[in-house]
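Coordinate-derived values only; no laboratory data. Quick caveat, the model's predicted, so the values are computed rather than measured. Cβ sites come from the backbone with ideal geometry, for glycine too, and all protein chains shown count toward neighbours.
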Amino acid sequence: MPPETLTVIDNRTGQRYELPVERGAIRATDLRRIRTGPDDFGLLSYDPAFMNTASCRSAITFIDGDAGILRYRGYPIEQLAEHSTYLETAYLLIQGELPTAPGLESWRREITHHTWIHENLKKFLDGFHHDAHPMGMLVSAVAALSTFYPDKSDAAAAARHLQVVRLIAKMPTLAAFAYRHSLGMPYAYPDNDLSYAGNLLNMLFKATEVKYRPNPVLERALDALFVLHADHEQNCSTTAVRSVASSRVDPYCAVAAGVAALYGPLHGGANEAVLEMLQAIGSVSAVPEFIRQVKAGQGRLMGFGHRVYKNYDPRARFIKQLAEDVFAVTRPSPLLPVALELERIALEDEYFVSRKLYPNVDFYSGIIYQAMGFTPDIFTVLFAIPRTVGWLAQWQEMLTDSEQKIARPRQVYTGAPCRDFVPMAERGVGELVTA
Ligand code: ACO
């Protein structure tokens, strides 16, 4: 067996170093041994945007981006989306194993009985302007939850479990209330007789009916979409949650950071941006001109490309199939032909092929959500609800990992060298030029 080490020769000094390699990684702190002299801090690895840095070990989600593979706790995403439910998948992500029948039932009961929120939180949501974006409201409302739970210790497993249950249970309620506020509609309270997805549909769409009965096809489709969105290892929002939680702030504030990161159009906000893009293109005949503009650097093809997938995103493949089930019970989306034509051209075009740009999870989800009756500003909210379980699984894993400490990257300083303070009278008369 060849040694599991990396030999580095520092040409500045001629010194030779053996660095251990474990699971395909060297420890960045081992580079600190590589120094030019006693005053040298040691070699750093420079990795803007964490392009090649593993910040943790994790046993939750596996992705092979080149092969288009995604697994939760070892189970292929396609099997989970087809055979599991969101709550069962949530249990798997949090506990590490699929539940037994009684285990799932008690988990379902626990989540269901924590769906209500304090009435004062409702008043807090009332304070938002009528046209506030539901994601902005959700960021604030999740953080505000922290003020309602003084018992939010993360020290013991039982205490962590309670925060996990509360967050998974209350997220749909906060999301639905934020949505109804943005529509100027009265809030619809949780109905504990319904499934997780069915209750969300109830809280979003209930009008004058005494008992809301979700369409079973749409309820199942939403649940499957939630399974697909539940976790995606160390993406931007999960990294935000882990970093913020590493300060040992409570999980409500940490998850609020995750929601904030997800809001951005390069991350979860892309599903809303995809719909806006499809509406702006408008027709199949306008697709070639739009592709030309993207290739000329005038904007991006939203819903395409991924930092990790250099192949078809397996979630996008499943969502494309799911669209057929949804459109069978709703009106077919007039934007679907535009999306299909975009995909067809992009998958043949050298620009996209050479950069390995394929549809990601957001490319088709917005079209489905629109057909189900959602307005675009809630699309990212529908991503934040299921991703909460991934954030919490990662939070739990981080807290129980003895190697983790407060997140604190290094920097390569490029600013001015040490210089003396200049009194105001000696600074000239021009305006300060800012970068
Ligand atoms: N449309 C057109 N060109 C693109 C796109 C796109 N959607 N994505 C990447 N490219 C091009 C870039 O211009 C760049 O080209 P260049 O080498 O000629 O400069 C090359 O492909 C590599 O792009 P990067 O931005 O370096 O790739 P990165 O890994 O940093 O970005 C990202 C990944 C942010 C997802 C990017 O592909 C993107 O902006 N996609 C559109 C937004 C989107 O759909 N986001 C959702 C991602 S899924 C999720 O977060 C849930």
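Given Cβ point charges of +1 (Lys, Arg) and -1 (Asp, Glu) and nothing else, what value in debye, to the nearest 20, does the dipole of segment 69-131 about its Cα centre take? Walk me through the numbers on the way to the answer.
Values: 6 positive and 9 negative charges, 28 e Å.
That gives a dipole near 140 debye.
In degrees, nearest 10, range 0 to 90: what is the angle between the Cα axis of helix 196-205 and the longest Cα principal axis of the chain?
For 196-205 against the chain, the angle is about 70 degrees.
Test of understanding: in a Gaussian network model of the chain with alpha carbons linked when under 10 Å, which of ALA178, ALA157, ALA256 would top the mean-square fluctuation ranking?
Judging by the Gaussian network model, the answer is ALA157.
Using Cα centres only, tell me the gap between segment 300-324 and segment 155-224 in whole Å.
26
Putting +1 on Lys and Arg Cβ atoms and -1 on Asp and Glu Cβ atoms, find which of ASN192, GLN279, ALA393 reaches farthest to the positive end of the dipole of the chain.
ALA393
Please pull out the direction-averaged projected area of segment 1-110, using the convex hull of its alpha-carbon atoms, in nm² to one decimal place.
Details: hull surface 47.0 nm².
The orientation-averaged projected area of the Cα hull of segment 1-110 comes to 11.8 nm².
Given charges of +1 on the Cβ of Lys and Arg and -1 on the Cβ of Asp and Glu, with all other atoms neutral, how large is the dipole of the chain about its Cα centre, in debye to the nearest 20?
Details: 43 positive and 48 negative charges, 106 e Å.
That gives a dipole near 500 debye.
Which whole-Hz couplings ³J(HN,Hα) result when phi for each residue of segment 392-403 is put into the Karplus expression 6.51 cos²θ - 1.76 cosθ + 1.60, θ = phi - 60°, listed in order with x for Gly and Pro?
6, 4, 5, 4, 4, 4, 5, 5, 9, 9, 5, 7
So, counting K/R as plus one and D/E as minus one, what does the shell of residues with Cβ under 14 Å around SER246 add up to?
On the way: positive: ARG242, ARG248, LYS405, ARG408; negative: ASP154, ASP250, GLU397, ASP401, GLU403.
Local charge sum for SER246: -1.
Beyond 19 Å, what percent of the Cα pairs of segment 302-386 remain? Don't jump to the answer; show the numbers that get you there.
Working: 1400 of 3570 pairs.
In whole percent, the share of Cα-Cα pairs in segment 302-386 beyond 19 Å is 39.
Which of these, ASP231, ASP349, ASP250, has the largest mean-square fluctuation under a Gaussian network model of the chain (Cα springs below 10 Å)?
ASP349
Take every Cα pair under 8 Å in the chain that's 6+ residues apart, average their separations, divide by the length, and report that relative contact order as a whole percent. Don't skip to the end; give the middle numbers.
On the way: 570 pairs, mean separation 81.5, N = 435.
RCO, the chain: 19 percent.
Does anyone have the angle between helix 157-183 and the longest principal axis of the chain? Alpha-carbon axes, 0 to 90°, nearest 10?
Tilt of helix 157-183: around 60 degrees.
Give me the three principal axis extents of the chain from the C-alpha atoms, as integers in angstrom, largest value leading.
That works out to 77, 70, 58 Å along the principal axes.
Mean-square fluctuation check for the chain, GNM, Cα pairs under 10 Å: which of GLN404, GLN396, GLN298 is largest?
GLN298
Would you pull out the residues with amide H under 5 Å of SER246's amide H, same chain only if 5 or more places away, H placed 1.01 Å from N?
Amide H neighbours of SER246: ALA407.
For the chain, what is the mean residue ellipticity at 222 nm derived from helices alone (per DSSP H run of n ≥ 4: -39500 (n - 2.57); sum divided by total residues; nearest 500 deg cm²/dmol)? Mind showing how you got there, number by number?
Numbers: 17 runs with 212 residues, N = 435.
That calculation yields -15500 deg cm²/dmol at 222 nm.
For every other residue with a beta carbon closer than 13 angstrom to the beta carbon of LEU382, add +1 if it is Lys or Arg and -1 if Asp or Glu, then tell me the sum.
-3
Quick check: the angle from helix 362-371's long axis to the longest principal axis of the chain, C-alpha only, nearest 10 degrees?
Around 20 degrees separate the two axes.
Select from ILE367, ILE34, VAL210 the residue farthest towards the positive end of the dipole of the chain; place +1 on Cβ of Lys and Arg, -1 on Cβ of Asp and Glu, and compute about the Cα centre.
Value: ILE34.
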